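Written out below as C-alpha cells is the structure these notes cover.
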Amino acid sequence: MTQEIMLINRGFSDINPLAAGYENCAPEHSYGPCARDYYMIHYVVSGKGKFKTGEKTYSLTAGDMFLFSPREITFYQADKEEPWTYIWVGFTTSFDLTDIFIQHVISARECGSIFSEITECEKFDRFREVYICGKIFEILAYLDKKTLNIGEPINQYVLMAQNYIESNYQKKITVDMMAKSLNLDRSYFSTIFKKQTGKSPQQYLIDYRLEKAAQDMIVYGCTPTDAAISCGYSDIFNFSRMFKKKFGMAPQHYKMEVQKKQSENSAAALLRRLLQTCRA
C-alpha cells in the first residue's frame, strides 16, 4: 500500500518540500534505476530491503535511513521474505548538503518519531508544507550531528582531490596532475586517496565520469556519444567498453532500460494518485 501526501510547490528558498509519503511494499517491490531532481530521504519503519547507488549496495533494516542527492542514479528493492515499509520525504534546498549526503545509509532510530509526524501532516491544510519543512530541518540537524561522528575524518588532501576531479573531469587530467595540484608526491597521494576512498585516484575518476555520463543520458537525454564527449572521453569505443564493464550493459541499452523503468514508475504513481483522488 502506498500513500502519497499531496503537496504544493511553494517555492520556499531554504527548504522546499516537494514529495512525502509512506509505502508498505510488496515482496521484491523495486524502484529504479532512476534519478530525481531533488534530495530524497527514506526511513525504514519495518522489514528489510537493499539500496544501490554507484557501485555500492547496502542491506537495510528497521531504523535505517537511506538518502541520495539530485540526479544521482539509484535503485532500491524490498526483501522477498520481509519486505520493508518506509516513509520518504523529498525537497530542494539552497544549502550545501554535500557533507551530509556523502553518507548514503545511516542508522537513525532516533528519527523514527520525526518521520511518523511527517505522515500526520495531512491534518493540516494551509500550512502542510510549512509543517514538513520544519520536520526536514529537524532531520538535517540530526544528520549534521551524526555525520560528524562517523568514521575517520576525511583527509583534507583527499577532499581537495575529489573537488579537483569533480571540477575537471571533462578535461584530460592525470594522477600526476592531481598530485601536482596538491603539491604532493604521486605515490603518497595515491596511497592516502585509496586508503580514504577505497579506490585509486584513476578509478575514482573513471567511475565519476561514467556516472556523470549515465546521468547526462537519463536526466538530460544526451546520446551516448554526446555524454561520452561531455565527460572527457574522446575514444567512444573505450567509453562503451568501460561503461559496459561498470553497468553491465552498453550505454544505449542502459538508457533504454532506465527510461522504460522511469515510464513504468511514473505510470504507477499517476494511477495511485488517481485512486487516492477517487477515494477522497
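Just so you know, all these numbers are worked out from the coordinates, no wet-lab data involved. Quick caveat, the model's predicted, so the values are computed rather than measured. Please note: Cβ atoms are built from the backbone with ideal geometry, for glycine as well, and neighbour counts cover all protein chains shown.
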(Q) Less than 29 Å apart at the alpha-carbon level, and either on another chain or at least 8 residues along: which lysines does that give for Lys123? (A) Lys135
**Q.** Reachable lysines, given that their alpha-carbon falls under 29 Å from the alpha-carbon of Lys80 and they are not under 8 places away in the same chain
**A.** Lys48, Lys50, Lys52, Lys56, Lys244, Lys245, Lys246, Lys255, Lys260, Lys261
(Q) If R₀ is 45 angstrom, what is the calculated FRET efficiency for the pair Leu159 and Glu122, using the beta carbon separation as r and rounding to 0.05? (A) 0.60
Q: Using only Cα atoms, tell me the angle between helix 128-147 and the longest principal axis of the chain; keep it within 0 to 90° and round to the nearest 10.
A: 40 degrees
Q. Which order, highest average first, do 118-128, 19-29, 69-79 follow once you tally other Cβ atoms within 10 Å for each residue and take the mean per peptide?
A. 69-79, 19-29, 118-128
Q) Straight-line reach from Lys180: which lysines have Cα under 18 Å away, leaving out those fewer than 8 places along the same chain? A) Lys171, Lys172, Lys194
Q. Translational D (Stokes-Einstein, µm²/s) of the chain at 37 °C and 0.692 mPa s when Rh comes from the Kirkwood sum over C-alpha pairs?
A. 160 µm²/s
(Q) Counting only helical runs of four or more DSSP H residues, what would the 222 nm mean residue ellipticity of the chain come to if each run contributes -39,500 (n - 2.57) and the total is spread over all its residues? (A) -15000 deg cm²/dmol
Q | Contour excess over end-to-end distance, with Cα ends at Ser263 and Phe12 and 0.36 nm allotted per residue | A | 87.5 nm
**Q.** Extension gain, Gln3 back to Lys199 (0.36 nm per residue minus Cα-Cα distance, nm)
**A.** 66.6 nm
Q. So what's the angle, to the nearest 10 degrees on a 0 to 90 scale, between helix 236-247 and the longest Cα principal axis of the chain?
A. 50 degrees
Q: Using 0.36 nm per residue of separation minus the Cα-Cα distance, give me the extension gain between Tyr131 and Thr174 in nm, one decimal.
A: 10.7 nm
